[in-house]
1. Which order do the peptides 256-263, 64-71, 103-110 come out in when sorted by mean C-beta neighbours inside 10 angstrom, highest first?
2. Suppose every Lys and Arg Cβ carries +1 and every Asp and Glu Cβ carries -1, with no other charges. What dipole size does the stretch 136-261 come out with about its Cα centre, to the nearest 20 debye?
3. Out of the total accessible area of the chain (probe 1.4 Å, heavy atoms of protein only), what percent is carbon and sulfur?
4. Among A178, H245, T133, whose Cα projects farthest towards the positive end of the dipole of the chain, with charges put on the beta-carbon of Lys, Arg (+1) and Asp, Glu (-1)?
5. Quick one: check the C-alpha center-to-center distance for the stretch 189-242 versus the stretch 99-163, whole angstrom.
6. I want the local charge near E292. Using Cβ-Cβ distances under 9 Å, sum +1 for each Lys or Arg and -1 for each Asp or Glu among the other residues.
7. Could you work out, for the stretch 76-119, what percent of all Cα-Cα pairs fall into each 10 Å distance bin, beginning at 0 Å and stopping at the bin that holds the largest distance?
8. Compare the Cα positions of A47, I78, Q211 along the charge dipole of the chain (+1 at Cβ of Lys, Arg; -1 at Cβ of Asp, Glu; about the Cα centre) and return the one farthest towards the positive end.
Amino acid sequence: MLKKTFAAIPAMVVAATFAAYAQAPAGGQAPAGGAGGQGRGNAPPPAPMAIKQVKPGLYMVTGFGGNSTVRVTDQGVILVDTKNLGEGPYNDLVAQIKTVTNQPVKFVFVTHVHQDHAGNIGPFVKAGAQVITHEGLKKNLETGGPNGTGYESAAGKPAMPSATYAKDREVSVGSAKAHAYHFANGHTGGDTVVYFPDVKVVSLGDEFVAQPPNADYPMGGSVLGWSKSLAEVLKLDFDTAIPGHGNDPLTKADVQAFQKKIDLIGKKAIELRKKGVAKDMIRAQIQAEVPEMAPWMMTGLVNDMRLDAFYDELTAAAK
């Protein structure tokens, strides 16, 4: 059974969290995934950060942004994802890490461009960590988005990483290793999954979430590529998965079920496109013919602004 013990959070950290975040944008927490910075209206403030042990030496930090993974060794820390952009979230994330180790963060992997995961690239670089992303994330920052001018959010634009990779990248700190992979475009075109082989844990960012997923086509996302990426992830020897959003670690069986849904959606979408189903009807038709995708909604997976790109991808695949 997975350990679900929360490390103690100092009262001053919690108080600072609410004070610092009182006027902060909601970041990429909405189902639109990375839309970031939209007003919350009457919505409650985001939950404060909390750190919990997943396995000995490995923790996850939930709250105020996508989940972060913290791999602790006696020679330093490997971190995955950096929370919402801003001094408050950065300081709080560092404070959470310090509740379990005094070792510095040596390496940071960022799973994708959305600011609720990539927001604090800059501060970690300035603090001396090597921040590593897939080259697609750097491209997203430079030329992504509907206008080709690069990723933007109301919270601001994350800084550039200090290093990129094309297919995979491994780092070691003490006795721990972390292996980063980009298998295919999925949630975005710069997705990274990070595998910790010694503890059999994989950190998946928003390629795997405990909520309805979405494909960010302006940032290179792909429903068809997503299932291929997760199929490769499932070949890794892991038993525990850290989702990009959700309060608890999940299992390999959960990833298998998620991948199966994405795969069914993609196959049905191509089938319907070959039959000539019109663009304005294809999402509803997929929804009707793939009941297994419930409770997900096609209008969430592919929203109205991304429908043209989705249909273009299906048209190319149907040839």
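The values are calculated or read from the model by the stated rules, or taken from the named source; none is laboratory data. Note that the structure is predicted; figures quoted are calculated from it, not measured. So basically every Cβ, Gly included, is an ideal-geometry build from the backbone, and we count neighbours across all protein chains shown. Remember, those area values only see protein heavy atoms, side chains included, never the ligands or the DNA or RNA. Shrake-Rupley method; radii C 1.70, N 1.55, O 1.52, S 1.80 Å.
1. Values: 256-263: 18.1, 64-71: 28.1, 103-110: 22.0.
The packing order, highest mean first, is 64-71, 103-110, 256-263.
2. Working: 12 positive and 14 negative charges, 46 e Å.
Dipole magnitude for the stretch 136-261 comes out near 220 debye.
3. On the way: 7150 of 13120 Å².
Within the chain, the accessible surface is 55 percent carbon and sulfur.
4. A178
5. So the two Cα centres are separated by 17 Å.
6. On the way: positive: K260, K261; negative: none.
So the environment of E292 carries a net charge of +2.
7. Pairs per bin, as whole percents: 29, 56, 15.
8. About the Cα centre, the residue reaching furthest to the positive side is I78.
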